[in-house]
Amino acid sequence: MFDAASRPSETRVLREHDNMQFSEQGYEYSLVREGDRTMLHITNGAHSLAAPVVWAMGNGEIGQTYLLKNKDTYYESRLSYFPVISGLDITPGHSKDSPKTLVEAVGMAQYPDTVKRCFGCHTTASMVSGEFDPEIATPGIGCEACHGPSARHVKAVEQGDNSVATPFNPVNLAPVDSVDFCGACHRTPADIAVPELGRIGILGIRYPAYRLERSFCWGKSGDTRITCIACHDPHKPLEKDLASYDSKCLQCHATAGHPAKATQAAACIVASKDCASCHMPRYELKTAHAVVTDHYIRVVRPGSGYRE
């Protein structure tokens, strides 16, 4: 989260890959580091266009997409970096069809509300006193992105004054509100309900909050034991060892050989460890060159594949 965005001059991917090339029918692209800035160069043979990268979105672990700007309009880059191929490919959500113009080749023009949401999820303090100003934003998700303005609290604590109210703490939210809070950036069922999205298929795997709330064990009003922060500590890097999540599963399920309590479901009859390997399967998301965990917790039948 801390590396959710960066300025081009501070972006590791762009420092390590200072001249990336990409070709598609009718167009040649170069993403080139030039001093402290990175430029996107595009040519269709007859004409050329150059645009500066103003922000890099994503830490590059799965991918990294770039924001470019022309006058007052931001563009989401048509091309993104993917570490699996160590190079550029079409950004997920963009058409695979060859662009009709050089401007289309740059990427998708973003509506003002979309830009605000983009910065709201990838940076801290892009909105101050109701005014949107991405130039003063702090790259990445810092403390105040989740806890709100905290300068008075920090100063008071440093001076030994405990009378100042503590910042907002998402841990105190009810289950549905908690998942919606994380889902403001990680996508909730409300995002799926947008008419133009329609049936998004496996792309929905990128919406973990929405997928989590589809789980049978989520119930009608949620459960504090399976909210996002019940399994993931936002203050630490993502834990990738599946076994570390078993204790979380056993908050809801009895252990093998023991009867279930009133607040527990029965023990799994198949295995007693690495629960997520079966009940939260991973699927290949080809457009992102990645294998992604599905947060729709369920009994997965052999050969059933991704379930919408």
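Values quoted throughout were computed directly from the atomic coordinates according to the rules given, and no laboratory measurement underlies them. Fair warning: this is a prediction, and the values are worked out from it, not measured in the lab. In this analysis, Cβ positions are derived from the backbone assuming ideal geometry, glycine residues included, and neighbour counts consider all displayed protein chains.
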Within the range 220-254, DSSP-loop trypsin sites (Lys or Arg not before Pro) with at most 15 other C-beta atoms within 10 Å are 220, 240
Per GNM of the chain with C-alpha springs under 10 angstrom, the most fluctuating residue out of 62, 85, 42 is 85
Partnerless cysteines (no other Cys beta carbon under 4.7 Å) identified across the chain are 118, 143, 146, 217, 231, 252, 268, 278
Within the range 125-147, the residues whose backbone N lies under 18 Å from a label point placed 7 Å from the Cα of residue 235 along the Cα-to-Cβ direction are 141-147
About its Cα centre, the range 5-110 carries a charge dipole, from +1 on Lys and Arg Cβ atoms and -1 on Asp and Glu Cβ atoms, whose size in debye to the nearest 20 is 180
In terms of the alpha carbon gyration tensor, root eigenvalues a ≥ b ≥ c, rounded if a/c is under 1.5 and otherwise prolate when a/b exceeds b/c or oblate, the range 5-110 is rounded
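In nm, what is the difference between 0.36 nm times the number of residues separating residue 258 and residue 23 and their Cα-Cα distance? All intermediate terms of the calculation are to be shown ahead of the outcome.
Working: separation 235, 0.36 × 235 = 84.60 nm, distance 5.94 nm.
Roughly 78.7 nm would be gained on extension.
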With a Förster distance of 30 angstrom and the Cβ-Cβ distance between residue 144 and residue 72, calculated FRET efficiency to the nearest 0.05 equals 0.70
Partner lysines whose C-alpha sits under 24 Å from that of residue 96, ignoring same-chain residues fewer than 8 away, are 69, 286
Extension length gain for residue 108 and residue 269 (0.36 nm per residue less Cα distance), in nm, is 53.0 nm
Full extension between residue 172 and residue 30 adds, at 0.36 nm per residue less the Cα distance, a length in nm of 46.3 nm
Between residue 9 and residue 135, the FRET efficiency computed from the C-beta separation at R0 = 25 Å comes out, to the nearest 0.05, as 0.95
